[in-house]
């Protein structure tokens, strides 16, 4: 068994090297510096992003733009977020090793990978079946191992609650009460709140069973958070 595991790890490294070039690494380093210059100060977040090959999460038609600080379309009418936005949300979330994190909206799996690079235990839920399946195909060869759920993000994952952190990667018109209920005391939830006319990034800290402290952190643009599952 040990020999098989070692061979599998070598296979993963080979696969990664086949898809990762010095050019990619150089472009990623330049992107991280750009994100840092825009105000991201958490070096652990920047280092984590510097280890994730964003080009492997992109549609082939956009792969040459993987390391520009922009959002791009992915399948099912969704987007892979702008790297600065990923860094901003992750910095607000204050992730440390071994924290239990619920990600609402797996999408391409890029944000999932960043959270895993920070050492979190990631539970990720996606309502779009196509994305739910494709994210697993992308993440598995890179040896990223979140716990996946296909379902309605508004419902969260109550069977595995409470969560130390909850990150929502789509804009909710109102913060779902069920997600607040699944947040551990002392935990942090980060969510863009609003509609297409304007969205604010909200950070919520659960101070006690019935007390939540909210703060606003600027304006952003996300796809809307929708209810139900999409087959």
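Taking residue 45, is it closer than 27 Å to residue 157 by Cα and surrounded by 21 or more Cβ atoms within 10 Å (Cβ to Cβ)? Spell out the reasoning first.
Working: closer than 27 Å to residue 157 by Cα: yes; surrounded by 21 or more Cβ atoms within 10 Å (Cβ to Cβ): yes.
So residue 45 passes the test.
Of the numbered conditions (1) in contact with a strand residue (DSSP E or B) (Cβ under 9 Å, 6 or more places away or on another chain); (2) in a loop (DSSP other than H, G, I, E, B); (3) exposed (fewer than 12 other Cβ atoms within 10 Å of the Cβ), residue 227 satisfies every one except a single condition; which is it?
For residue 227, the failing item is (1).
For region 167-183: of the residues being more than 16 Å from residue 217 (Cα to Cα) and touching a residue at least 60 places away in the same chain (Cβ under 8 Å), which is farthest from the chain's Cα centre (by Cα)?
Residue satisfying both the conditions and the ranking: 182.
For residue 188, state whether it is under 25 Å from residue 91 (Cβ atoms) and touching a residue at least 60 places away in the same chain (Cβ under 8 Å).
Details: under 25 Å from residue 91 (Cβ atoms): yes; touching a residue at least 60 places away in the same chain (Cβ under 8 Å): yes.
When the stated conditions are applied, residue 188 passes them.
Step by step: first the residues of region 140-165, then only those that are within 18 Å of the chain's Cα centre (by Cα) and in a loop (DSSP other than H, G, I, E, B), then the one that is surrounded by the most Cβ atoms within 10 Å (Cβ to Cβ). Which residue is that?
156
Test each condition in (1) more than 22 Å from residue 91 (Cβ to Cβ); (2) touching a residue at least 24 places away in the same chain (Cβ under 8 Å) for residue 204 and report the one that comes out false.
Single failed check for residue 204: (1).
From 166, 202, which residue is over 16 Å from residue 105 (Cα atoms) and in contact with a strand residue (DSSP E or B) (Cβ under 7 Å, 6 or more places away or on another chain)? It would help to see each step written out before you state the result.
Numbers: 166 fails: over 16 Å from residue 105 (Cα atoms).
Just a single option satisfies the conditions, and that option is 202.
Name the residues in region 48-86 that are over 21 Å from residue 136 (Cα atoms), part of a helix (DSSP H, G or I) and touching a residue at least 24 places away in the same chain (Cβ under 8 Å), would you?
84, 85
Before we move on, is residue 179 at pLDDT 95 or above and buried (at least 22 other Cβ atoms within 10 Å of the Cβ)? Break it down into steps so the answer makes sense when it comes.
On the way: at pLDDT 95 or above: yes; buried (at least 22 other Cβ atoms within 10 Å of the Cβ): yes.
Yes.
Output the residues belonging to region 94-106 that are more than 8 Å from the chain's Cα centre (by Cα) and either over 10 Å from residue 146 (Cβ atoms) or assigned to a loop (DSSP other than H, G, I, E, B) (or both).
The first filter runs over region 94-106 and keeps only residues more than 8 Å from the chain's Cα centre (by Cα), leaving 94-102, 104.
94, 95, 96, 97, 98, 99, 100, 102, 104, listed by residue number.
The values are calculated or read from the model by the stated rules, or taken from the named source; none is laboratory data. Computed from a prediction, not measured in an experiment: that's the story for all the values here. All Cβ positions, even for glycine, are placed from backbone atoms using ideal geometry, and neighbour counts span all protein chains on display.
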